[in-house]
Amino acid sequence: MRITYLSPAEVASYIQSKQRVFIQGSAATPVRLIQAMLEQKERLDHVELVSITLQGISFCEEDMGHHFYINSLFVSQGVRKIVNGPCGDYVPVFLSEIPALFRRKILPLDVAMIQVSPPDANGYCSLGTSVDIARSAVDEATYILAQVNPNVPRTHGDSFIHCSRFTAACYVEDPLAEVSYAEKENDVTREIGKRVSELVEDGATLQLGIGSIPDAVLKNLHQHKNLGLHTEMFSDGVIPLIESGVINNKLKKKVNGHSVTSFILGTNQLYRFVNDHPLIKFLDVAYVNDPRVLSLNPKVTAINSAIEIDLTGQVCADSIGPYQYSGIGGQMDFIRGAALSEGGKPIIALPSTTGKGESKIVPYLRQGAGVVTTRGHIHWVVTEYGAVNLFGLNLKQRAASLISIAHPAHREWLTKKWSERK
């Protein structure tokens, strides 16, 4: 089936004032359509934009005014300043529950703006690198505006949408946004990766968060056997493990034999790897991140990070004090799913200090900080100085355990602050 392509400006002209517009994110961010929309701001009034992680574009305050309002479901660099100002805000929500906001009409969508692969012989395009919440968005939106791009990989699973669903479409051949987490590795993340890998058992089902630490973990798993992959996202680090058969998904109970994700973000090597790969499933995040589904897999090992953690085990992973830095995302979905899995291990892995040398293990969370993982859900915590399991420990034991893996320069200070607290 052939598509009649319009220019990006013509496609963006379908957006009207006072509409709620979903924008697909990560490597699938439809940058050309966003730019065309912003260029038409003078005709638009109070358009609400909802998204998770956008790549390849940053919103500026001069674009906002009364024209646009960003109601972000996860805060990425391109919207961070806006979300913390008068022209935006953040919705605290588990990633697994965002599709319900669309499907239950809590956040009814007028428009879904997406980037897809070209149609196949039957007219089906693929949502490519980001199915996550885009699946529910295209199912529920009244109008679908598509940026068709041959650089978008054709992925399997819940990603297909027939081109007859498009209200309007443009054609581009732009490269997808790339991120190389390997370039961000250092001695600290490599040591954390080694320590976390020692907690991963043969036959485990892996979930990986975002950043250099997950990739550092993966580099230490080449001697493992029969690993599974059921994760919110993954990057380039999984490629050699899938190719070598270390990740073979033989022991998974859910979607056996297939690696499962909701989105990917990495380099072009990764995008080429997943293209038409029959053993990688991109599924709706309402399924991928459902703790009830996760818990049925064996030895779910969930690896996530944090901004800071207090001495009782409360984890802040989304804000720096009251400043909204990222979002809840899928951390709690997987922490809980791993805890309920037979032999599962929920892990929070973080450097002991910030780039400025401040301790990430703190007596108290900063005023205004959000708690993403509660002290009732916390299990394993790993820094470059060790790994401790807080599950079942009382408050004094937790404090002692966390101080033992803090940076040596901060242990005396933490001990003093804890004694003052008690």
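Where a number appears in this text, it was derived from the coordinates with a stated rule and is not lab data. Everything numeric here is computed off the predicted structure, so don't read it as measured data. Using ideal geometry, Cβ is built from the backbone for each residue, glycine included, and neighbour counts are taken over all protein chains shown.
What ranking, highest mean first, results for peptides 143-156, 363-376 when packing means the other Cβ atoms within 10 Å averaged over each residue?
Working: 143-156: 22.2, 363-376: 16.4.
In descending order of packing, they fall as 143-156, 363-376.
Take residue 340 and residue 165, extend 7 Å from each Cα along the Cα→Cβ direction, and tell me the distance between the two endpoints in nm.
Result: 2.8 nm between the two label points.
Given DSSP loops and a limit of at most 13 other Cβ atoms within 10 Å, what is the longest stretch of the chain that contains no such GluC sites (Glu not before Pro)? Intermediate results must be reported in sequence, preceding the final value.
Numbers: sites that count: 173, 198, 342, 358.
Of all site-free stretches, the longest is 1-172.
If I build a Gaussian network model for the chain, linking alpha-carbon pairs within less than 10 angstrom, which residue out of 244, 17, 26 has the largest mean-square fluctuation?
Of the options given, 244 has the highest mean-square fluctuation.
For helix 331-340, report the angle its Cα long axis makes with the longest principal axis of the Cα atoms of the chain; keep it between 0 and 90° and round to the nearest 10°.
The two axes meet at around 60 degrees.
Under a GNM of the chain (C-alpha, springs under 10 Å), which listed residue has the highest mean-square fluctuation: 313, 25, 257?
Result for the chain, Cα springs under 10 Å: 257 fluctuates most.
Per q in 0.11, 0.12 Å⁻¹, report the Debye log10 I(q)/I(0) for the chain, using one uniform scatterer on each alpha carbon and no solvent.
-0.81, -0.96
Angle, helix 187-197 long axis vs. longest principal axis of the chain, Cα atoms, 0 to 90°, nearest 10?
Taking the Cα atoms of the chain, the angle to 187-197 is about 80 degrees.
Can you run phi through the Karplus equation (6.51, -1.76, 1.60; θ = phi - 60°) for the stretch 83-94 and list ³J(HN,Hα) in whole Hz, with x for Gly and Pro?
With coefficients 6.51, -1.76 and 1.60, one gets 4, 8, x, x, 9, x, 6, 10, 9, x, 7, 5 Hz.
For residue 27, what is the net charge nearby, where nearby means another residue's Cβ is under 13 Å from its Cβ and Lys, Arg count +1, Asp, Glu -1? The partial results should precede the final answer.
On the way: positive: 272; negative: 132, 174, 178, 236.
Taking every Cβ under 13 Å from that of residue 27, the sum is -3.
Suppose we take every Cα in the stretch 8-171 and form the convex hull; what volume per residue is that in Å³? Spell out each step's value before the answer.
Details: hull volume 16.3 nm³, N = 164.
For the stretch 8-171, the hull spanned by Cα atoms encloses 99 Å³ per residue.
Here are some pairs, 81/360; 225/360; 194/254; which of them have Cα atoms lying more than 30 Å apart in this structure?
Values: 81/360 23 Å; 225/360 33 Å; 194/254 28 Å.
In this structure, 225/360 exceed 30 Å between Cα atoms.
By its C-alpha gyration tensor, with a ≥ b ≥ c as the square roots of the eigenvalues, how is the stretch 182-421 shaped: rounded for a/c under 1.5, else prolate for a/b larger than b/c, else oblate? Don't skip to the end; give the middle numbers.
Working: a/c = 1.86, a/b = 1.73, b/c = 1.07.
Cα axes put the stretch 182-421 in the prolate bin.
Give me the net charge for the shell around residue 325: Cβ to Cβ below 12 angstrom, other residues only, Lys and Arg +1, Asp and Glu -1.
Details: positive: 80, 81, 366; negative: 308, 318.
After counting each charged neighbour, the total is +1.
For residue 253, give me every one of the aspartates and glutamates with a C-alpha distance below 16 angstrom, ignoring sequence neighbours fewer than eight places off in its own chain.
Straight-line reach from residue 253, under 16 Å: 202, 290, 342.
With n ≥ 4 as the cut-off for DSSP H runs, can you work out [θ] at 222 nm for the chain, using -39500 (n - 2.57) per run divided by the number of residues, rounded to the nearest 500?
Numbers: 15 runs with 108 residues, N = 422.
That comes out to -6500 deg cm²/dmol.
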